[in-house]
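Below: one structure, written as structure tokens.
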Amino acid sequence: MLTIDAQVHAYERNHPGRPWAAALHGPPEVTGDDMVAAMDAVGVDGAILVSVFTMYRYDASYAIEVHAKHPGRFALVKPVDPNDPAVGDTVADWASTPGAVGIRIMMRGGVSEDPADPGINRVLAAAKQHSLPVNLLAYGRLDQVRQLAARHPDTQLVIDHLGLPQPFEPPPPAEPWADLPKLLALAEHDNVAVKITGACTLSHEPFPYRDIWDPLGRIFDAFSLDRCMWGTDWTRAVALLSYEQGVEAFRRTDRLTDSDRATLMGGTAQRIYRWAPSKS
């Protein structure tokens with residue numbers, strides 16, 4: 001079975017040559033080599049490497065370096081700034097970058113909550129033009145996403161991390177699935193897919209996190225597995241579980257058939273991002 005982790009991060013230690021904008025909860029560094037070693041240890045074939053916004057903001061240069069060293073193991077997603085008048089040019093440039101398969105909008109802070117915001121809509125239009133899926137960190141903004149999906153039916157949208165707030169350290173939220181109905185309401189839009197990334201961090205039980213499967217089942221039923229893709233959100237999850245646990249919780253469960261697993265843990269990501277890993 002081809003296994004693709006739909007979201008991982010890699011970063012160097014903070015240094016003057018590529019200084020961090022801020023610190024992210026986690027190890028002092030997780031290099032591309034470290035990430036490949038973690039994947040190899042548990043048989044993950046490849047991953048969507050999302051340039052870390054916390055440290056690097058809109059600079060994807062480290063992710064590009066990692067891809068250049070491991071071109072068969074990673075595809076790349078870069079955050080873009082919808083408030084930048086030149087964001088359309090940024091998207092066009094990114095589309096021609098080796099390994100680039102998507103862009104990301106961090107829908108928080110200074111990003112408008114208006115579905116008619118010209119900047120956000122400019123990003124979504126440019127993404128369609130260049131056939132790039134738009135990954136959305138959108139917890140608390142799922143109603144806005146629903147309206148954006150209707151405005152841009154031909155742009156592939158991908159909801160990061162189930163569209164739900166997820167912790168950086170224990171404990172998980174008391175009601176981690178409170179906004180699940182808002183996520184399920186997006187299923188009527190065929191251009192919306194969901195990353196089942198970081199799901200284990202929402203569990204109130206130890207490994208293998210059995211309490212996540214009923215709410216996940218509702219997502220699978222609403223969207224179908226053809227619009228759902230598993231991932232770990234490594235390294236954000238390091239304080240809550242090991243990389244192996246994030247993988248094996250989905251490999252071992254009896255709630256998925258072998259066919260389900262192949263779709264969720266690789267097939268959907270391969271189709272959405274039009275990319276497949278190679279260890280050669």
- Query: Is there any pair with a first residue in the range 60-80 that is farther than 16 Å from Ala276 by Cα and a second that is of a type in the set (Ser, Thr, Tyr) and crowded, with 21+ Cβ neighbours inside 10 Å whose Cβ atoms are under 6 Å apart and which are 6 or more apart or on different chains, and what are they?
  - Reply: Ala60/Ser51; Ala63/Ser51; Lys78/Ser51
- Message: Just the residues that are in a loop (DSSP other than H, G, I, E, B) and either touching a Pro at 6+ places or on another chain (Cβ under 9 Å) or exposed (fewer than 13 other Cβ atoms within 10 Å of the Cβ) (or both), please, taken from the range 28-43.
- Response: Pro28, Gly43
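Quick one: which helices (runs of 4 or more DSSP H) lie wholly within the range 66-183 and hold at least 3 residues that are aliphatic (A, V, I, L, M) and under 22 Å from Gly198 (Cβ atoms)?
It comes to 142-151.
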- Query: When you look at Val238, is it among the β-branched types (Val, Ile, Thr), out of contact with any Gly (no Cβ under 6 Å at 6 or more places or on another chain) and touching a residue at least 60 places away in the same chain (Cβ under 8 Å), yes or no?
  - Reply: no
- Task: Give the residues of the range 156-171 that are touching a residue at least 40 places away in the same chain (Cβ under 8 Å) and either aromatic (Phe, Trp, Tyr) or surrounded by 18 or more Cβ atoms within 10 Å (Cβ to Cβ) (or both), sorted by residue number.
- Result: Gln156, Val158, Asp160, His161, Leu162, Gln166, Phe168
- Query: In this structure, does Leu180 turn out to be without any contact (Cβ under 8 Å) to a residue 60 or more places away in the chain and surrounded by fewer than 21 Cβ atoms within 10 Å (Cβ to Cβ)?
  - Reply: yes
- Message: Any residue that is out of contact with any helix residue (DSSP H, G or I) (no Cβ under 8 Å at 6 or more places or on another chain), surrounded by fewer than 20 Cβ atoms within 10 Å (Cβ to Cβ) and more than 22 Å from Pro153 (Cα to Cα) - is there at least one of those in the range 229-239?
- Response: yes
- Query: Can you name every residue in the range 8-27 that is touching a strand residue (DSSP E or B) at 6+ places or on another chain (Cβ under 7 Å), more than 16 Å from Glu244 (Cα to Cα) and assigned to a strand (DSSP E or B)?
  - Reply: Tyr11
- Item | Unique residue being of a type outside the set (Gly, Ala, Ser) and either closer than 29 Å to Gly267 by Cβ or exposed (fewer than 15 other Cβ atoms within 10 Å of the Cβ) (or both) when the list is Arg108, Arg57 | Arg108
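So that you can scan it fast, the table gives a plain yes or no per residue for (1) surrounded by 14 or more Cβ atoms within 10 Å (Cβ to Cβ); (2) without any contact (Cβ under 8 Å) to a residue 40 or more places away in the chain; (3) out of contact with any Pro (no Cβ under 6 Å at 6 or more places or on another chain):
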{"residue": "Asp84", "(1), (2), (3)": "yes, yes, yes"}
{"residue": "Trp94", "(1), (2), (3)": "yes, yes, yes"}
{"residue": "Val101", "(1), (2), (3)": "yes, no, yes"}
{"residue": "Asp114", "(1), (2), (3)": "no, yes, yes"}
{"residue": "Leu124", "(1), (2), (3)": "yes, yes, yes"}
{"residue": "Lys128", "(1), (2), (3)": "yes, yes, yes"}
{"residue": "Leu132", "(1), (2), (3)": "yes, no, yes"}
{"residue": "Arg141", "(1), (2), (3)": "yes, yes, yes"}
{"residue": "Val145", "(1), (2), (3)": "yes, no, yes"}
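Return yes or no: is Ile196 of a type in the set (A, V, I, L, M, F, W, C), crowded, with 21+ Cβ neighbours inside 10 Å, touching a residue at least 40 places away in the same chain (Cβ under 8 Å) and part of a strand (DSSP E or B)?
yes
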- For Asp5, all conditions in the list (1) assigned to a strand (DSSP E or B); (2) under 23 Å from Ile120 (Cα atoms) hold save one; what is the number of the exception? (2)
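Every read-out reported here was derived from the displayed coordinates using simple, explicitly stated rules and does not represent laboratory data. Being a predicted model, the structure only gives us computed values, none of them experimental. Using ideal geometry, Cβ is built from the backbone for each residue, glycine included, and neighbour counts are taken over all protein chains shown.
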